[in-house]
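In what follows, a structure is listed as structure tokens, so that the remarks can point back to it.
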Amino acid sequence: MGNDGGSIPRRIELVKEKARDLKLNPELERAAVWLYCALSKLLLEQPVVSCGLGKLYNQDAIIEYLLDPSVYGDGDKICSHITSMKDTVKLNLTPNPAYNEKESNADSTTMGNLERHVKSKFICPISMKEMNGKHRFVYLDTCGCVFAEQALKEIPSKECVTCGKPFESNNVIVINPNKEELEVMRKVMEEKKAKAKADRKAKKAEDKKNGLVVAEKKRKRSNSPDPKSQKKKVSSIQSSAAAAVMDKVAQELAEKKKSVSSAVKSIYGDKDKKETGNYLTKGTFNRY
């Protein structure tokens, strides 16, 4: 072999080795889901929203996706379950007073610093733990307030300690759950959607039924006589009858006046008309 213009094959060309699984850096993977928007891959900036699966998004990115689903290439794979802003909850996050944006930007350029510690912008308002993936965090879908899971469990109250709104155990949503939890949460989310759809359909049917009832009542009301209008009608009839009676009386008086003798007429004659006398004075004389 050799000196014949050929080439010597290497072992990698002769023996097929099993493909090695690609291992992701856990620190980088953790930073990606806790510090960056799941849709736009940009740093999380308030306002931040979450879906029923516990993923974190910038609200602006979700609005852009709803307006144009093609704006993000993998949007249909990441958040196809989001069809409107009603499918998300705006999170009430507590800022981290120890967070320094300049230092965080400088650390992100150094791989060693990123692997050593992931600094978050937000913390739990009860335990003051950072929301960086080292601790499990949850939010309440009734108000959007975010807490460390362990801190919320230690509070027996069923009212949010931040805003005071009541909640139940099914209102607690895990942020960035594991694969097993994700499947359970997906089923719960689909059940909630189906129930909400059924409730909207039932409400629509009830409103339609109520609308028909109201229309029927209005029709009956329009056909039935109005007491006020009936009263006005009776009053008008009474007025017309009174006017007719008065006209009749006046007519009778006029006829009686025509049938009076000339002697009586002379007594009730016109005062402005000068007469030399009437039947009482005519033919008499005055002594003086």
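Checking each residue in the range 167-186 for being part of a helix (DSSP H, G or I) and either surrounded by 10 or more Cβ atoms within 10 Å (Cβ to Cβ) or in contact (Cβ under 8 Å) with a residue 12 or more places away in the chain (or both) picks out Asn170, Asn171, Glu181, Leu182, Glu183, Val184, Met185, Arg186. Residues in the range 137-164 that are at pLDDT 95 or above and in contact with an Asp or Glu (Cβ under 8 Å, 6 or more places away or on another chain): Phe137, Val138. Scanning the range 54-81 for residues that are in a helix (DSSP H, G or I) and among the hydrophobic types (A, V, I, L, M, F, W, C), we see that the one that is surrounded by the fewest Cβ atoms within 10 Å (Cβ to Cβ) is Leu67. Does the range 125-153 hold any residues that are aliphatic (A, V, I, L, M), in contact with a Lys or Arg (Cβ under 9 Å, 6 or more places away or on another chain) and not in a helix (DSSP H, G or I), and which are they? Met131, Leu140, Ala148, listed by residue number. The set of residues in the range 21-68 that are among the small types (Gly, Ala, Ser) and at positive phi contains only Gly54.
The values are calculated or read from the model by the stated rules, or taken from the named source; none is laboratory data. Please read all numbers here as calculations on a predicted model, not as lab measurements. Because the Cβ atoms are built from the backbone with ideal geometry, glycine has one as well, and the counts that use them run over all protein chains shown.
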